[in-house]
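Presented below is the structure to which this report refers.
The values are calculated or read from the model by the stated rules, or taken from the named source; none is laboratory data. Worth saying up front: this structure is predicted, and the values here are computed from it rather than measured. Cβ sites come from the backbone with ideal geometry, for glycine too, and all protein chains shown count toward neighbours.
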Amino acid sequence: MVVDLLAEDDDALLQQPGRQLVVDHEERSLGGVGAHDPTVRHPGTSPKAVLPQADPLSAGRDAGGPAEIGCRARGPVAQTVPVTTTPTVRPLTADDLEQSVALGIEAFGAIPDGMPRPTREGFPGPGRLWWGAFDGERLAGRMLRREYHSWWHGQELPTSGIAGVAVSPEERGRGLLRELFRAVLDASVERGDVVSTLYPTAPGIYRSSGYEVVTTLQTVEVPTAELTRVRPPVGVRTRRATAADLPAARALYDVWARAQNGPLTRRGPSFPATDEDVIGDFTGVTLAVDESDAVVGYCSWNRGRGYGPEGRIEVQDLLATTAEGYRALWRLLGSFASVAVRVTVQTSGDDLARSVLPTLSWTAIESHPYMLRLLDVPAAFTALPARARGTVVLRVHQDAVSGTDGSYRLTASEDGVTCERTDPEGDHPTFTPGGLALLWSGAQTCANVRMAGLLTGGTAEDDAVLDAVCAGRPLHVRDYF
Ligand SMILES: CC(C)(COP(=O)(O)OP(=O)(O)OC[C@H]1O[C@@H](n2cnc3c(N)ncnc32)[C@H](O)[C@@H]1OP(=O)(O)O)[C@@H](O)C(=O)NCCC(=O)NCCS
């Protein structure tokens with residue numbers, strides 16, 4: 001994640017109908033720590049992107065560690081010391097491109113073969129805003145904000161995707177990451193973003209900035225031969241999709257994504273692909289259709305090289321709205337058993353696609369934890385559907401980079417949820433930003449957030465209301481950026 005150098009990212013290869021990928025980070029400041037540095041400049045508005053792809057330079061996608069829920073882990077890096085000279089934090093321009101690319105390569109390695117080097121003409125790319133921390137004219141740190149929307153609790157919420165984060169080795173430990181976050185998240189709030197997310201190279205880097213791990217994007221491997229044992233579907237067949245079928249496939253993705261917490265909407269400037277472009281990104285997009293030719297599932301897949309022991313089919317999306325749809329798609333993939341030993345699938349959480357598999361074989365070969373923080377607490381809670389009744393005042397504290405610290409009155413009724421800032425009074429449930437992300441996303445209950453040390457105060461009644469309003473949807477992601 002946060003590995004974008006400035007152009008297309010190796011994970012741009014994770015495309016799907018709606019493809020996208022990518023990474024940008026934006027940040028806003030405010031926060032509990034007071035005023036922004038006067039040298040920090042904020043863009044009036046977020047740039048409206050203009051490009052279609054992922055950023056190259058994001059070469060290193062090493063897996064983050066496991067979700068150390070509850071640990072406010074300190075990384076192996078020396079404890080942050082205050083900056084001795086005040087950095088200037090501002091959006092990058094095309095004139096900063098060379099410095100940014102160099103910093104990205106230094107952090108994440110050389111641009112992968114086949115990935116184009118970023119150009120001035122292509123900078124910054126659609127839906128992307130780069131920020132830099134400068135020591136004089138020298139770029140000492142940078143961060144990318146990508147413009148997304150993602151599904152949470154049945155609503156499409158404006159989302160700042162953070163990526164491409166790098167600080168020059170000699171400048172690490174001076175607090176530049178925090179300065180970048182303050183500026184980027186400040187701009188995100190100004191734009192109206194409700195949440196911010198990222199794929200960390202190490203979760204410990206982002207916990208003090210309010211992010212917590214809420215789910216994990218995985219690549220899993222299934223032996224192709226095992227798929228031949230999936231029961232034949234009844235009343236569903238498969239056929240190859242053309243560009244004309246993409247709207248139906250997108251509609252199915254929407255149905256699935258709306259029922260989860262976390263998936264990107266795959267719309268907006270970060271996903272500019274046409275239907276033809278999407279089809280062209282894959283060896284095949286296969287539909288599962290019922291007897292009336294209605295789409296009940298699809299998978300987008302690429303045929304890897306060879307037909308010996310290394311042969312495999314790489315599946316980006318495998319989604320269906322019926323069990324028969326899943327069976328039809330798995331069996332289609334199983335038909336490659338003679339030439340592709342393995343099928344790999346992008347997945348997360350407990351994938352429904354497994355419910356029709358007779359085999360236990362489902363081996364994660366790559367994992368990328370996904371971190372979340374709230375930027376606009378009232379908007380985030382107002383997005384919750386009516387699931388309970390009650391009133392709770394909750395507090396947020398220790399937000400070091402954004403402005404969520406304070407007290408909020410949350411009222412849940414049959415009409416939905418309202419949430420507004422209120423004056424602090426009495427003993428109320430008090431969350432760190434990370435604790436609030438875990439609860440609000442549905443990743444953890446109040447009881448578990450308390451055990452993690454990220455929630456104190458309040459009553460069992462408060463916890464019951466908060467658990468009830470935030471529960472209800474499994475967490476899933478499919479797009480790496
Ligand atoms: C990550 C990076 C940007 C941090 O730079 P920085 O501004 O100097 O940040 P700091 O050294 O002040 O560290 C910030 C926090 O991250 C933690 N951290 C730093 N490196 C870490 C690591 N490898 N593992 C876990 N935590 C780490 C620090 O302990 C600190 O935690 P705290 O705020 O709770 O005290 C910089 O080390 C870097 O460029 N690394 C290589 C590229 C990279 O991994 N980028 C992140 C991509 S997701």
**Complete:** Within the stretch 188-207, residues among the hydrophobic types (A, V, I, L, M, F, W, C), more than 13 Å from the ligand (Cβ to nearest atom) and out of contact with any strand residue (DSSP E or B) (no Cβ under 7 Å at 6 or more places or on another chain) come out as Val189
**Which listed residue is surrounded by fewer than 17 Cβ atoms within 10 Å (Cβ to Cβ), modelled with pLDDT of 95 or more and not in a helix (DSSP H, G or I), from Ser407, Ser402, Ser338, Ser355** = Ser338
**Selection within the stretch 453-481 - within 30 Å of Leu144 (Cα to Cα) and not in a helix (DSSP H, G or I)** = Leu454, Arg473, Pro474, Leu475, His476, Val477, Arg478, Asp479, Tyr480, Phe481
**Request:** Please specify each residue of the stretch 419-440 satisfying the condition of being closer than 21 Å to Pro385 by Cβ and exposed (fewer than 15 other Cβ atoms within 10 Å of the Cβ).
**Result:** Glu420
**Message:** Being touching a Pro at 6+ places or on another chain (Cβ under 7 Å), buried (at least 18 other Cβ atoms within 10 Å of the Cβ) and polar (S, T, N, Q) is true for just one of Thr216, Thr224. Which residue is that?
**Reply:** Thr216
**Request:** Taking Gly154 as the residue in question, decide whether it is touching a residue at least 60 places away in the same chain (Cβ under 8 Å), more than 9 Å from the ligand (Cβ to nearest atom), at positive phi and surrounded by fewer than 23 Cβ atoms within 10 Å (Cβ to Cβ).
**Result:** yes
**Verdict on Leu438 being touching a helix residue (DSSP H, G or I) at 6+ places or on another chain (Cβ under 6 Å) and either of a type outside the set (S, T, N, Q) or away from the ligand (no atom under 16 Å from the Cβ) (or both)** = yes
**Fill in**
Scanning the stretch 380-399 for residues that are outside any loop (DSSP other than H, G, I, E, B) and surrounded by 18 or more Cβ atoms within 10 Å (Cβ to Cβ), the one nearest to the chain's Cα centre (by Cα) turns out to be Ala380
**Prompt:** Does Thr418 count as β-branched (Val, Ile, Thr), outside any loop (DSSP other than H, G, I, E, B) and closer than 24 Å to Glu190 by Cβ?
**Reply:** yes
**Complete:** Scanning the stretch 157-175 residue by residue, the ones that are surrounded by fewer than 24 Cβ atoms within 10 Å (Cβ to Cβ) and among the aliphatic types (A, V, I, L, M) total 2
**Message:** Please go through the stretch 185-220 and give me each residue that is among the basic types (Lys, Arg) and over 24 Å from Thr445 (Cβ atoms), ordered by number.
**Reply:** Arg191
**Item:** Arg178 vs. criteria of a type outside the set (Phe, Trp, Tyr) and within 12 Å of the ligand (Cβ to nearest atom)
**Value:** yes
**Request:** Tally the residues that are under 15 Å from Asp376 (Cα atoms) and hydroxyl-bearing (Ser, Thr, Tyr), restricting the search to the stretch 170-201.
**Result:** 3
**Prompt:** Which residues, taken from the stretch 313-332, are without any contact (Cβ under 8 Å) to a residue 60 or more places away in the chain and of a type in the set (D, E, K, R)?
**Reply:** Glu314
**Request:** Spot the failing condition for Tyr148; the list is (1) surrounded by fewer than 20 Cβ atoms within 10 Å (Cβ to Cβ); (2) more than 16 Å from the ligand (Cβ to nearest atom), and only one is missed.
**Result:** (1)
**Message:** If I filter the stretch 74-111 down to residues being polar (S, T, N, Q) and at pLDDT 95 or above, which single residue comes out as nearest to the ligand (Cβ to nearest atom)?
**Reply:** Ser100
**Request:** Please list, ordered by first then second residue, the pairs with beta carbon atoms under 6 Å, 6 or more apart or interchain, first in the stretch 89-117 and farther than 18 Å from Val167 by Cα, second more than 16 Å from the ligand (Cβ to nearest atom) and at pLDDT below 95.
**Result:** Met115/Glu8
**Selected residue (criterion: nearest to Ala340 (Cα to Cα)) from residues of the stretch 205-228 that are in contact with a helix residue (DSSP H, G or I) (Cβ under 8 Å, 6 or more places away or on another chain) and among the charged types (D, E, K, R)** = Glu226
